[in-house]
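Right, one structure below, let's go through it.
The values are calculated or read from the model by the stated rules, or taken from the named source; none is laboratory data. Treat the numbers as computed from the prediction; the structure is a model and nothing was measured. Cβ sites come from the backbone with ideal geometry, for glycine too, and all protein chains shown count toward neighbours. Remember, those area values only see protein heavy atoms, side chains included, never the ligands or the DNA or RNA. Shrake-Rupley method; radii C 1.70, N 1.55, O 1.52, S 1.80 Å.
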Amino acid sequence: MSVTIYHNPACGTSRNTLAMIPQSGVEPEVIEYLKNPPDCARLIGLITAMGIFVRALLREKGTPYAELGLADPKWSDDELIDFMLAHPILINRPIVVTAKGTRLCRPSERVLDLLDHPADRFVKEDGEVVVRGKA
């Protein structure tokens, strides 16, 4: 199974998601999207594959979301994508891509449904225990 994760190592949810993947027996392709952001076509492809609205991928916390006035409904999807391309920190994370689907993995245990052999039990950085089937 091929797994790609769009990862931010400064994000605890992203780190937890990344840690769950090797426990399934797969070494993921890790794309640190702040260093290597997706191009326009790839970003649109990810949004389409996730089946979400463009606005649903915007991250507010720790970003220029408020300063840019992105809560205003006047912005079109194309304009929001342009903002994400100009400021990749606006792209919410982690995004995981497998043959089973593409998903924004918030919370991190959402990755379990995308893996062929997920671990039955995982302990997050904060000590929370995730038991498969109870995610």
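Whose amide H sits under 5 Å from the amide H of Ile21, counting only residues 5 or more places off or on another chain, with H placed in the peptide plane?
HN-HN under 5 Å from Ile21: empty list.
May I have the convex hull volume per residue, in Å³, for the Cα set of segment 1-46? Each step should come with its number before you reach the end.
Numbers: hull volume 3.5 nm³, N = 46.
Spread over its residues, the Cα hull of segment 1-46 gives 76 Å³ apiece.
Using a Cα-Cα cut-off of under 15 Å, which aspartates and glutamates could be cross-linked to Lys124, ignoring same-chain neighbours fewer than 8 residues away?
Partners found: Glu109.
In the chain, what percent of the accessible surface is made up of carbon and sulfur (1.4 Å probe, ligands and nucleic acids excluded)? The partial results should precede the final answer.
Values: 3630 of 7110 Å².
Carbon and sulfur atoms account for 51 percent of the accessible area of the chain.
With every protein chain present, what is the per residue accessible area of the chain (1.4 Å probe, Å²)?
Working: 7110 Å² over 135 residues.
Per-residue accessible area for the chain comes out at 53 Å².
Keeping all protein chains in place and using 1.4 angstrom, which order do Cys105, Cys40 fall into by accessible surface area, from largest down?
Numbers: Cys105 0, Cys40 60 Å².
Result, largest first: Cys40, Cys105.
Compute the separation of the alpha-carbon centres of segment 105-135 and segment 7-85 and state it in Å as a whole number.
Distance between centres, Cα-based: 20 Å.
Can you find, among Tyr65, His87, Val129, the residue sitting farthest towards the positive end of the charge dipole of the chain, where Lys and Arg contribute +1 and Asp and Glu -1 at Cβ?
Val129
Rounded to the nearest 500 deg cm²/dmol, what is the calculated helix-only ellipticity per residue at 222 nm for the chain, with -39500 (n - 2.57) per DSSP H run of length n ≥ 4?
Numbers: 3 runs with 30 residues, N = 135.
Theoretical 222 nm ellipticity from helices: -6500 deg cm²/dmol.
Leaving ligands, DNA and RNA out of it, rank Ser2, Ser108, Ser76 by accessible area with a 1.4 Å probe, largest first. Working shown, then result.
Numbers: Ser2 90, Ser108 5, Ser76 50 Å².
Solvent-accessible surface, decreasing: Ser2, Ser76, Ser108.
Beyond 27 Å, what share of the Cα-Cα pairs of the chain is found? Please give it as a whole percent.
Numbers: 1843 of 9045 pairs.
Result for the distance tail: 20 percent.
GNM on the chain, C-alpha springs below 10 Å: top fluctuator among Gly62, Gly45, Gly101?
Gly62
Can you pull the one-decimal nm distance between simple spin-label points at Leu68 and Asp120, each 7 Å off the Cα toward Cβ?
4.5 nm
How much of the DSSP bridge set in the chain is antiparallel, in percent, rounded to the nearest 5? Before the final figure, lay out each step's value.
On the way: 11 of 15 bridges.
Expressed as a percentage, antiparallel bridges in the chain total about 75.
Heavy atoms only, probe 1.4 angstrom, no DNA, RNA or ligands counted: give me Val97, Val30 ranked by accessible area, highest first. Intermediate results must be reported in sequence, preceding the final value.
Numbers: Val97 30, Val30 65 Å².
Largest to smallest exposure gives the sequence Val30, Val97.
As an exercise, identify the trypsin sites (Lys or Arg not before Pro) in segment 61-135 lying in DSSP coil whose Cβ has no more than 11 other Cβ atoms within 10 Å.
On the way: sites: Lys61, Lys74, Lys100, Arg103, Arg110, Arg121, Lys124, Arg132, Lys134; in loops: Lys61, Lys74, Lys100, Lys124, Arg132, Lys134.
Passing sites in segment 61-135 are Lys61, Lys74, Lys134.
Taking square-rooted eigenvalues a ≥ b ≥ c of the alpha carbon gyration tensor, is segment 71-135 rounded, prolate or oblate, where a/c under 1.5 means rounded and, failing that, a/b exceeding b/c means prolate? Don't jump to the answer; show the numbers that get you there.
On the way: a/c = 3.19, a/b = 2.20, b/c = 1.45.
Since a/c reaches 1.5 and a/b is larger than b/c, the shape of segment 71-135 is classed as prolate.
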